[in-house]
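Here is the structure we will look at, set down as structure tokens.
Values quoted throughout were computed directly from the atomic coordinates according to the rules given, and no laboratory measurement underlies them. Bear in mind the structure is a predicted one, so any value in this text is a computation, not a measurement. All Cβ positions, even for glycine, are placed from backbone atoms using ideal geometry, and neighbour counts span all protein chains on display.
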Amino acid sequence: MAASPASPPSPSPSPSPSPSSAPSPRALSFDAVAEQYDTARPGYPPALFDAVEELSGRPLRGARVLDIGAGTGIATRSLRARGALVTAVEPGPGMAARLHRAEPDTPLVRALGDALPFADGGADLITYAQSWHWTDPARSLPEALRVLRPGGALALWWNVSDARVPWIADQDIRIRRWAGGDTAHGAHSAGGRGDGLPDGLAPATRRLPWTRRVSLATHLAQLGSHSVFRVHGDAATAAFLAAERAELLARFPDGTVEEAYVAELTVVVRRGR
């Protein structure tokens, strides 16, 4: 398939999300920890982007991409490194500011996936990295299909902690006990978040296990950046993470943690003319 013209989709003027489509307070909880989020959260394995190309049927190089819920630009940077022409879309002011400082040359639009300020049929690929669950699919799915060109693709993915690893399963139990069952969108949430797409769209999926080795401090900062901790407040979070540090030092006495993830990817291609 031939590459699209070398220009990203052009947004209509929209400096900030409209009040009728404002992000939830829980979604905006990340704004207070934008720097921590950017430095501690994991990226994505190269195999994920290989799979996006395979399932979407075109290379990322030269593709006009809208990265929705871009956050601080973790996925945006990887997409650009593959040669994609990326416009980042992020509603949170703190996250958007961090992204702009790190990627000043990347077009950035303050908007939500539920109401995209883009013309019909202008995008080759729309991506949601760790962000589709913050949208209302009854609105965000029609919006994505409207903005995609025929043959374009919607790609949703998440890093899900791999609970087949014993120490991660044990940590999940501790988090759930501490949070009193409130682990919605949390650090060890269940996978399958792209399962709700209509069968008529013929979604294709991949599950890609991968690992990274980080310091204990980075692992704890990564945990603390998740919404389940942000909404419980700084004092309660600090107390949990202090106890978790002691727990993990017993397992990783050298202070290096091997985090295990499964990158869960769902891709749908817009059919029709």
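Quick look at the values:
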| item | result |
| --- | --- |
| Calculated Rg and Dmax of the range 213-273 using C-alpha coordinates, Å | 17.1, 59 |
| Descending Cα extents along the principal axes, the range 112-180, whole Å | 47, 23, 15 |
| Segments 202-212, 262-272 sorted - mean Cβ within 10 Å per residue, highest first | 262-272, 202-212 |
| Contour minus Cα-Cα distance for Ala97 and Arg207 (0.36 nm per residue) | 36.4 nm |
| Residue-span extension gain [Asp120 to Asp105] - 0.36 nm each, minus C-alpha spacing | 3.0 nm |
| Contour minus Cα-Cα distance for Ala32 and Ala246 (0.36 nm per residue) | 74.5 nm |
| Burial ranking of peptide ranges 167-175, 120-128, 248-256 (average Cβ count within 10 Å, highest at the top) | 120-128, 167-175, 248-256 |
